[in-house]
Amino acid sequence: MTLTISWFLILAAALFSIGVAGVLIRRNALVMFMSIELMLNSVNLTFVAVSRELGLIEGQVAALFVMVVAAAEVTIGLAIIVAVFRRKASANVDELAELRG
Amino acid sequence: MTDLLWILIALPLTGAFINIVFGKRIGEPLAGWLGFVLVGSAWAIAVVPTLGLLTGSGTPETIYLFSWIPVVGADAAILWDPLSALLTMIVTGVGALIHLYSIGYMHGDERFARFFGYLNLFIASMLILVLASNYAVMFIGWELVGLSSYLLISFWFKKPSAAAAGKKAFIVNRIGDWGFLVALMIIFASFGTFDFGVIFTTAPVVLTTGAATAITLLLFLGATGKSAQIPLYIWLPDAMEGPTPVSALIHAATMVTAGVFMMARSAVLFELAPISGVTIAVIGGATALLAAVIAVTQMDIKKVLAYSTISQLGYMVMGVGVGAYSAGVFHLSTHAFFKALLFLGAGSVIHGMADEQDMRKMGGLRKAMPVTFVTMTVGWLAISGIFPFSGFWSKDEILAATFQRGGPWLILWAVGILAALLTAFYMTRLYVLTFLGKPRWAEGTEPHESPWTMTLPLAVLAVAAVIFGVFNTPARLAFEHFLEPSFALISHAEPLDLPLAAVLALFALVVAIGGIAWSWFRYNRDELPVEEGGFWQRGLNGFAVDDLYGRVIVEPGKKVCEWFADSVDPKGIDGVSHGIAQGVRTAGDGLKTLQSGQVRSYAGGIAIGAVVLILAVLALGGGF
Amino acid sequence: MGELIVFIIFATVALVSAIGMVLAKNPVYSAIGLLGAMFSIAVLYVLLDAHFVAAVQVIVYAGAVMTLFLFVIMLIGVDNREAYGPAVPAQRIMTAVVSIGLFAAIVLAGRAAWITGSNAFGTPDLNGTIENVSDELFGTWTVVFLSTVMLLTIAALGTIALAYFGTDVPDEEATL
């Protein structure tokens, strides 16, 4: 058995699905946010793996850009969570349902 | 020199702008003088190039101003040829005199400056119309003329009848405008351009007889609106609700001639459609006769002149119909002078009689208003066709041209002679009832002569009404030669032999004198004849044509509109819009449960959607 | 063979950490789980010859982002209130179905198109060193790189704005 690219891709798919499950079952905004980070990481893994396979450095560049965007997203997202917490004294997203139709 | 002709239009337009926008500050009488000076300057500027055309030192030309819609051949350009030069001279000349007259007539009106703004706007519109070098620009002038006419007729809009008259004129004219517009569409479909030059030179090749007939009949429909012919003449008598200078300027001298001018301009097209020619001539003749009969029965001095105008326009249209374009235009010119004179004279009488318009309450004004009396005498003789006044020459020429066609056209000639007889009759009636006999004034009325600003235009117009006819006698057709370049593309009938023409003219003269004598002896006595029979009543009512239109067209139209308002609008259109609104509301009520506010349910939706999409792509792409 | 072993070890660590992150009741444990997953992924990057990306992964994610997470957890307190609400079994089942379905769908979709290892490991023709990456990053993608600079600046400004204006909120509420 040799290591091929498929292993990485299947692992990435599995991590992504776990991230989705995290977003769906957790009510803590922080943990949901971590799950999203996990999904981003799994996508990055796919980028890098395919970059290696195709011999194109662009895949790694794309992974770097995803990281930059993720970093920006984390700062804003955490700031929002803190702001919400200050108002609601809770990080439970189920309590943030003011926009119910 | 001619490349500055755009100033002609710019001058009255400037006046209109200044008087409408700043009129209140300028005030009376400066606003009036401003309007008069601008229009007078336009006339003065137009004199030199017109003399150039007259003496042959200038040539007809098209002066390009700027590109407007080049694809349809509609440039802003001025076509300067004898026809447009003549109309320009009439419009600015008579227009300037009427401006001067209005300074006196409108004295004390609270919207004095506004009136002159509208008058200037009208002059500018009319100049756009006559100087256009293509149908598109002509149509703009045509519509602007209609607009300013509306503004002027309903100038005293606080009087309900004036407001209604303005509305009526506008709406009736729109029917004609529809015809004009459709004609323009057919012209464009046939030629691909609106340019006069291209259309008139290629028309014999491009147009079939059927297309030419359609175009010319529709153009004629437009002309019946503006030039007040059967069936659309009904607006003109009502338009007398406007101030009298307006009646003189618009409904005698200029605007109503627009239809005749337009047909003369399109002479080439009319030449290609013999059927249209017959139709036009017959309608013209019928209008001349019908309006003359109605004029006989009218009691209001302005109404007599209004129907008289319709009748005289009938002559012009008849002239165009028989192909005597220059005769029609010649009558247009002479009529512009003597009818403007008559209207202004009538205005002077009304002014002096403190707004009395009923001729039964006049009489004996000869001494009270000497200048008006003398000038009205000239106008009366001119319109009646007495030698050597201008009306004699121009009317005679149209009748001669009709006679010359021979055959069934002789009937039309006889109608024309009959109308001439009636014209002499009703004009004498007006003249005698107003100026001769004993005073029948209402108590407390003290007639007085009008100020010089009103009598001077009368005098000038009287001179023109006397001498203008001499320009075109059967012996010396100077006028026709002048107009020749404008009608170069159509064939000309040979002029009548001089002896025959003289006999016809003599006959017409005898008829006119007969009409005058008959009327003179009937009315010039102390006891007025009783005129209360059925004929007089019906005639006074215009033979109930308005009622007929009301019953046949307006009432059914109102019914249809009411049906739409009561049934189609609330049930159909409102039903659709309310139904849509109700549907949206119901759908929203149903769908709002999806908006749970739960972030995780949204995320679940995204995830499920992603799964479904992937599977769908696989299924469709055969990836399984 | 060595590579396969390394892969299996760290793939297992990543999966276990990820599952732990999702299931841990305490957010602190979740954060530690995420940290483990990220470290494992960094190792896998090295395996894929993406040295520079691996380094950035450790510094940015495992360093900065995770610190930030932990910091926020400390700031707002370890929140166990999640446990108060009853766990809805239907929700859990739905979640399991959806996530497994998603995994299956991705694998199914990638199956036919997946690259089957034409470039065997051990014969790398691509080396993700700083030099190679930066050639690309500052050559072809200069403008994009600069725009990320702007993005980060805006994010920083946004955070400051949220923190600054957020302090008024209770007062605002009082006036409502």
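The values are calculated or read from the model by the stated rules, or taken from the named source; none is laboratory data. Not measured: the values here are computed from a predicted model. No Cβ is skipped: glycine too gets one built from the backbone with ideal geometry, and neighbour counts run over all protein chains shown. Keep in mind that these areas ignore ligands, DNA and RNA; they rest on the heavy atoms of the full protein, side chains included. Shrake-Rupley method; radii C 1.70, N 1.55, O 1.52, S 1.80 Å.
Counting only heavy atoms of protein chains, what accessible area per residue, in Å², does region A:5-99 have with a probe of 1.4 Å?
With all protein chains present, region A:5-99 gives 29 Å² per residue.
Quick one: order B:Arg174, B:Arg111 from most to least accessible surface, probe 1.4 Å. Working shown, then result.
Details: B:Arg174 100, B:Arg111 65 Å².
So the residues, ranked largest to smallest area, are B:Arg174, B:Arg111.
Subtract the Cα-Cα distance of B:Phe387 and B:Glu484 from 0.36 nm times their separation in residues, and report this length gain in nm to one decimal.
32.3 nm
Mind listing the phi-derived Karplus ³J(HN,Hα) values for region A:47-56, rounded to whole Hz, using 6.51, -1.76 and 1.60 with θ = phi - 60°, and x for any glycine or proline?
4, 5, 5, 5, 4, 5, 5, 8, x, 10
Over chain A, what relative contact order in percent results from Cα pairs under 8 Å that are six or more residues apart?
27 percent.
Of the heavy-atom accessible surface of the protein assembly as shown (probe 1.4 angstrom), what whole percent is carbon and sulfur?
Carbon and sulfur together cover 71 percent of it.
I'd like the orientation of helix B:409-435 relative to chain B: the angle between its Cα long axis and the longest Cα principal axis, in ° from 0 to 90, rounded to 10.
Roughly 70 degrees, rounded to the nearest 10.
Using a Cα-Cα cut-off of under 28 Å, which lysines could be cross-linked to B:Lys303, ignoring same-chain neighbours fewer than 8 residues away?
Candidates past the 8-residue exclusion: B:Lys158, B:Lys159, B:Lys167, B:Lys168, B:Lys226, B:Lys339, B:Lys361, B:Lys367, B:Lys395, B:Lys438.
So if I restrict to the alpha-carbon atoms in chain B, what is the Rg, and what is Dmax, the biggest pairwise distance, in Å?
Here Rg and the maximum Cα pair distance are 29.6, 116 Å.
Taking 45 Å as R0, compute the FRET efficiency from the Cβ-Cβ separation of B:Met185 and B:Ala619 and round it to 0.05. If you can, show how the numbers build up before the last one.
Working: r = 56 Å, r/R0 = 1.23.
Rounded to the nearest 0.05, the efficiency is 0.20.
Give the calculated FRET efficiency between C:Val58 and A:Lys88 to the nearest 0.05, with a Förster radius of 41 Å applied to their Cβ-Cβ distance.
Efficiency at R0 = 41 Å is approximately 0.75.
Only Cα pairs under 8 Å and at least 6 apart count here; give the relative contact order of region B:37-91 as a rounded whole percent.
Reported relative contact order: 34 percent.
For B:Ala77, what is the net charge nearby, where nearby means another residue's Cβ is under 15 Å from its Cβ and Lys, Arg count +1, Asp, Glu -1?
-4
Can you pull the one-decimal nm distance between simple spin-label points at B:Thr279 and B:Phe507, each 7 Å off the Cα toward Cβ?
That separation, rounded to one decimal, is 3.0 nm.
Can you tell me the relative contact order of chain B? Whole percent, Cα pairs under 8 Å, sequence separation 6 or more.
Computed over chain B, the figure is 12 percent.
So what's the gap between the Cα centers of region B:536-550 and region B:93-161, to the nearest angstrom?
First find each Cα centre; the distance between them is then 29 Å.
Which value, in debye to the nearest 20, gives the size of the charge dipole of chain A about its Cα centre, when Lys and Arg are +1 and Asp and Glu are -1 at the Cβ? Mind dumping the intermediate values first?
Values: 7 positive and 7 negative charges, 71 e Å.
Using Cβ point charges on Lys, Arg, Asp and Glu, chain A gives about 340 debye.
C:Phe103: accessible area at probe 1.4 Å, nearest 10 Å²?
60 Å²
May I ask for the angle, rounded to the nearest 10°, between helix B:498-523 and the longest principal axis of chain B, with both axes built from Cα atoms and the value confined to 0 to 90°?
90 degrees
Under a 1.4 angstrom probe, counting protein chains only, how are B:Asp177, B:Asp300, B:Asp547 ranked by accessible area, largest first? Don't jump to the answer; show the numbers that get you there.
Working: B:Asp177 5, B:Asp300 45, B:Asp547 80 Å².
In descending accessible area the options line up as B:Asp547, B:Asp300, B:Asp177.
Counting only other chains, and only Cβ atoms inside 10 Å, what mean value do you get across the residues of C:126-132? Walk me through the numbers on the way to the answer.
On the way: counts 9, 2, 8, 1, 0, 0, 3.
Mean shielding count: 3.
Using only atoms on other chains, find how many Cβ atoms lie within 10 Å of each Cβ of peptide C:139-151 and report the average.
Average per residue, whole number: 2.
Once the dipole of chain B is set up with Lys and Arg at +1 and Asp and Glu at -1 on Cβ about the Cα centre, which of B:Val460, B:Ile153, B:Phe425 lies farthest towards its positive end?
Farthest towards the positive end: B:Ile153.
Could you do me a favour and compute the accessible area per residue for chain B, 1.4 Å probe, result in Å²?
So chain B comes to 40 Å² accessible per residue, rounded to a whole number.
Determine the dipole magnitude for the protein assembly as shown: charges of +1 sit on the beta-carbon of Lys and Arg, -1 on that of Asp and Glu, nothing else is charged, the reference point is the Cα centre, and the result goes in debye to the nearest 20.
Numbers: 45 positive and 57 negative charges, 385 e Å.
Roughly 1860 debye, rounded to the nearest 20.
Buried accessible area between A and C (1.4 Å probe, both chains summed, ligands and nucleic acids excluded), in Å² to the nearest 100?
It comes to approximately 7300 Å² buried between A and C.
Test of understanding: what is the full-extension gain from B:Ile553 to B:Val612, defined as 0.36 nm times their sequence separation minus their Cα-Cα distance? Working shown, then result.
Details: separation 59, 0.36 × 59 = 21.24 nm, distance 6.52 nm.
Additional length available on full extension: 14.7 nm.
Kindly report, to the nearest 10 Å², the accessible surface of B:Glu110 as traced by a 1.4 Å probe over protein heavy atoms only.
Result for B:Glu110: roughly 140 Å² accessible.
Run the simple label-point estimate for B:Ala544 and C:Leu157 please: 7 Å along Cα→C-beta, distance reported in nm.
8.4 nm
Mind checking which of B:Ala16, B:Ala42, B:Leu332 is farthest towards the positive end of the protein assembly as shown's charge dipole, using Cβ charges of +1 (Lys, Arg) and -1 (Asp, Glu) about the Cα centre?
B:Leu332
Counting only protein heavy atoms and rolling a 1.4 Å probe, how much accessible area do A and B lose on contact, total for both sides, in Å² to 100?
Counting protein atoms only, the buried area is about 900 Å².
Taking 50 Å² as the minimum loss, tell me which residues in region A:46-65 lose that much accessible area going from the chain by itself to the full protein complex (1.4 Å probe).
By number: A:Val48, A:Arg52, A:Glu53, A:Ile57, A:Gln60, A:Val61, A:Leu64, A:Phe65.
What is the Cα centroid distance between region B:479-533 and region B:322-341, reported in whole angstrom?
12 Å
Separation between the B:Glu531 and A:Thr2 pseudo-spin-labels, each 7 Å from Cα along Cα→Cβ, expressed in nm?
Between B:Glu531 and A:Thr2, the simple spin-label model gives 12.2 nm.
Whole-Hz ³J(HN,Hα) for each residue in region C:58-65, computed from phi via Karplus 6.51 cos²θ - 1.76 cosθ + 1.60 with θ = phi - 60°, x for glycine and proline: what do you get?
Once θ is set to phi - 60°, the couplings for region C:58-65 become 5, 5, 6, 6, 5, x, 5, 5 Hz.
Using only the Cα atoms of region B:450-524, build the gyration tensor, take square roots of its eigenvalues as a ≥ b ≥ c, and label the shape rounded, prolate or oblate: rounded if a/c is under 1.5, else prolate if a/b is larger than b/c, else oblate.
Working: a/c = 3.28, a/b = 1.27, b/c = 2.57.
Oblate shape, in that a/c is at least 1.5 and b/c is the bigger or equal ratio.
Name the shape class, rounded, prolate or oblate, that the alpha-carbon gyration tensor gives for region A:5-99, where a ≥ b ≥ c are the square roots of its eigenvalues, rounded holds for a/c under 1.5, and otherwise prolate holds if a/b is larger than b/c and oblate otherwise.
Values: a/c = 4.77, a/b = 2.03, b/c = 2.34.
Judged from the Cα gyration tensor, region A:5-99 comes out oblate (a/c at least 1.5, b/c at or above a/b).
Classify the protein assembly as shown: rounded, prolate or oblate, from the alpha-carbon gyration tensor (a ≥ b ≥ c, eigenvalue square roots; a/c under 1.5 rounded; otherwise prolate if a/b is larger than b/c)?
prolate
Could you give the angle, 0 to 90 degrees to the nearest 10, between helix B:135-153's Cα long axis and the longest principal axis of the Cα atoms of chain B?
So the helix axis and the longest Cα principal axis differ by about 70 degrees.
So how strong a dipole does region B:549-621 carry about its Cα centre when Lys and Arg Cβ are +1 and Asp and Glu Cβ are -1, to the nearest 20 debye?
It comes to approximately 160 debye.
For chain B, what is the calculated [θ] at 222 nm in deg cm²/dmol (nearest 500), taking -39500 (n - 2.57) for each run of four or more DSSP H residues and dividing by its residue count?
-23500 deg cm²/dmol
What value, in deg cm²/dmol to 500, does the helix sum -39500 (n - 2.57) over DSSP H runs of n ≥ 4 give at 222 nm once divided by the residues of chain A? Don't skip to the answer; put the middle values down first.
Details: 3 runs with 78 residues, N = 101.
Mean residue ellipticity, 222 nm, calculated: -27500 deg cm²/dmol.
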